[in-house]
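Data first, discussion second: the structure below is written as structure tokens.
The values are calculated or read from the model by the stated rules, or taken from the named source; none is laboratory data. Every value quoted in this text rests on a predicted model; they were computed, and no experiment measured them. Ligands, DNA and RNA are excluded from the accessible area calculation, which covers all protein heavy atoms including side chains. Shrake-Rupley method; radii C 1.70, N 1.55, O 1.52, S 1.80 Å.
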Amino acid sequence: MNETWEGFVKALELILSGDPKVYEVTLRSIWISGMATLVAALWGIPLAVFLGTRNFRGKFLLKQVVNALLGIPTVALGLIFFLALSRSGPVGFLGLLYTPTGIIIGEAVLIMPIIVSLSTAAIEAVDPEIRNLARTLGASESQAAYAVLKEALSGIFLAGIASFNRAIAELGIAWMVGGGIFGWTEVLTTGIALNIARGNIEMGIALGVILLAVVFVTTIAVNGLQRRRKRV
């Protein structure tokens, strides 16, 4: 018990003292996960708008596939990307294995179903009369879809935050695609695993505390912004 408590105390000292390694790993994690969320949003939001505003044959099946992908194990997806990006893989010539870009692409694929599923639900929750009113006023299909998207913006924003939290907290892709290379691809999750394995408990705890803080602060900040927006 004393050793655990000492580990927490030393971990807090590392954080409060501004240890350069701790903050380097933290900033890299935020940047990689943020870019992955942006890339996933660029793919996922247009698909969510299409699913949420159109009726077509196979829509139910497509939505079920997206929902099923929500639970895909990160280790399995990491293995798929590792095989694809390795030298003998189909896209190994791109040289993306053990790079931040490789992690970004892998995490973007991982979290895209979250953005699509939650954004589609938010769009479908919008009153259909809003779209009908836009059409009545002479709006085109794309303009009517934009009106619906604007009303669902709060839910879509929450989908983005949920996706970011999922990306920054995952280990499988960051480990298998990034390799946890010091000063290059090491992020919070791989840093925790590596330091605990090496017996550097203090650093592992410090990175774990920061990871939890990033997730909680992000969620609380978004909830605060939403409440403020509703009041306005």
### Heavy-atom accessible surface of the chain: percent carbon and sulfur, 1.4 Å
68 percent
### Task
Using Cα positions and a limit of under 17 Å, work out the aspartates and glutamates in reach of Lys150, with same-chain residues fewer than 8 apart set aside.
Glu124, Asp127, Glu129, Glu141
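So if the hydrodynamic radius of region 1-112 is defined as the Kirkwood radius over C-alpha pairs, what does Stokes-Einstein give as its diffusion coefficient at 10 °C and 1.306 mPa s, in µm² per second?
Values: Rh = 17.3 Å.
Taking Rh from Cα pairs, D becomes 92 µm²/s.
Using the Kyte-Doolittle scale, which helices in the chain average at least 1.6 and also have C-alpha atoms spread 20 Å or more along the helix axis, with helices defined as whole DSSP H runs?
Numbers: long enough: 2-16 (21 Å, 0.32); 20-53 (48 Å, 1.12); 100-124 (35 Å, 1.63); 153-169 (24 Å, 1.38); 201-231 (45 Å, 0.95).
Long hydrophobic helices here: 100-124.
Would you kindly calculate the mean projected area, averaged across all directions, of the convex hull enclosing the Cα atoms of region 89-232, in square nanometres?
With the hull built on Cα positions only, its mean projection is 12.1 nm².
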